[in-house]
Amino acid sequence: MSAALCAWKSGQGSVADSRGDPAWSNALTYVAIAFMSASMGLQGIMGKRVNTQFATTIVLTTVWCELMADPKLFQLKRRIISRDHKVIGIVALFIGGFAGRAILDKIGAAGALGVGTGIRFLISLWWLFVPGKAAKK
């Protein structure tokens, strides 16, 4: 949300007109980039901490290499959860990229970051309903 507020208050456009004319060039936009970077880093760390296959969706190269190195990649007749989750992560990353660009074109960077904040908020609410592990007796 901090990145969205910084991008909005900067008053600069979301997309550059040409290479020589960058869209974000003042201090607030650089602060927005710093907040986005910190947010993505924390997402990656928390994903690894939770130890799921969806931890590496921040960087496509990582999840792609893990998928290609999976020894059960071509066992298509069997459901292999680790492989299937990696494929879901890759597909979701592409869909999210296209959707994000469409949102960026319609409502700008601040609005797109706000939509992302809303999605993350909903995900955090869903975590409240994930059942915990049963206690060992």
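Note on region 21-31: residues that are small (Gly, Ala, Ser) and at pLDDT 80 or above amount to 2. Residues in region 1-10 that are in contact with a Leu (Cβ under 8 Å, 6 or more places away or on another chain) and of a type in the set (Gly, Ala, Ser) were compared, and the one that is surrounded by the most Cβ atoms within 10 Å (Cβ to Cβ) is Ala7. Assuming Ser25 fulfils every condition listed in (1) under 21 Å from Ala102 (Cα atoms); (2) out of contact with any Gly (no Cβ under 9 Å at 6 or more places or on another chain) apart from one, which condition is it? Every condition holds for Ser25 apart from (1).
Can you find a residue in region 88-104 that is over 16 Å from the mean Cα position of the chain (by Cα), surrounded by 15 or more Cβ atoms within 10 Å (Cβ to Cβ) and not aliphatic (A, V, I, L, M)? Please lay out each step first, then the result.
The initial filter retains those residues of region 88-104 that are over 16 Å from the mean Cα position of the chain (by Cα), namely none.
No.
For region 32-41, state whether one or more residues are surrounded by 14 or more Cβ atoms within 10 Å (Cβ to Cβ), at pLDDT 75 or above, in contact with a Lys or Arg (Cβ under 7 Å, 6 or more places away or on another chain) and over 16 Å from Ile123 (Cα atoms). Looking for residues that are surrounded by 14 or more Cβ atoms within 10 Å (Cβ to Cβ), at pLDDT 75 or above, in contact with a Lys or Arg (Cβ under 7 Å, 6 or more places away or on another chain) and over 16 Å from Ile123 (Cα atoms), one finds none in region 32-41, hence no. Consider Leu73 against the criteria (1) in contact with a helix residue (DSSP H, G or I) (Cβ under 9 Å, 6 or more places away or on another chain); (2) in a loop (DSSP other than H, G, I, E, B); (3) at pLDDT below 80; (4) not aromatic (Phe, Trp, Tyr): it satisfies all of them except one. Which criterion is unmet? Of (1) in contact with a helix residue (DSSP H, G or I) (Cβ under 9 Å, 6 or more places away or on another chain); (2) in a loop (DSSP other than H, G, I, E, B); (3) at pLDDT below 80; (4) not aromatic (Phe, Trp, Tyr), only one is false for Leu73: (3). For region 56-75, the criterion of being free of Cβ contacts under 8 Å to residues at least 24 places away in the same chain, closer than 25 Å to Val15 by Cα and either acidic (Asp, Glu) or surrounded by 10 or more Cβ atoms within 10 Å (Cβ to Cβ) (or both) is satisfied by at least one residue.
Residue-level analysis places Asp17 among those that are of a type in the set (D, E, K, R) and under 21 Å from Ala109 (Cβ atoms). If you go through region 17-24 one residue at a time, do you hit one that is under 15 Å from Leu113 (Cβ atoms), basic (Lys, Arg) and without any contact (Cβ under 8 Å) to a residue 60 or more places away in the chain? Scanning region 17-24, I find no residue that is under 15 Å from Leu113 (Cβ atoms), basic (Lys, Arg) and without any contact (Cβ under 8 Å) to a residue 60 or more places away in the chain, so the answer is no. Residues in region 106-137 that are modelled with pLDDT under 90, among the charged types (D, E, K, R) and assigned to a helix (DSSP H, G or I): how many? Number satisfying all stated conditions: 1.
The values are calculated or read from the model by the stated rules, or taken from the named source; none is laboratory data. Because the structure is predicted, anything quoted here is derived from the model rather than measured. Glycine also receives a Cβ, built like all others from the backbone with ideal geometry; neighbour counts cover every protein chain displayed.
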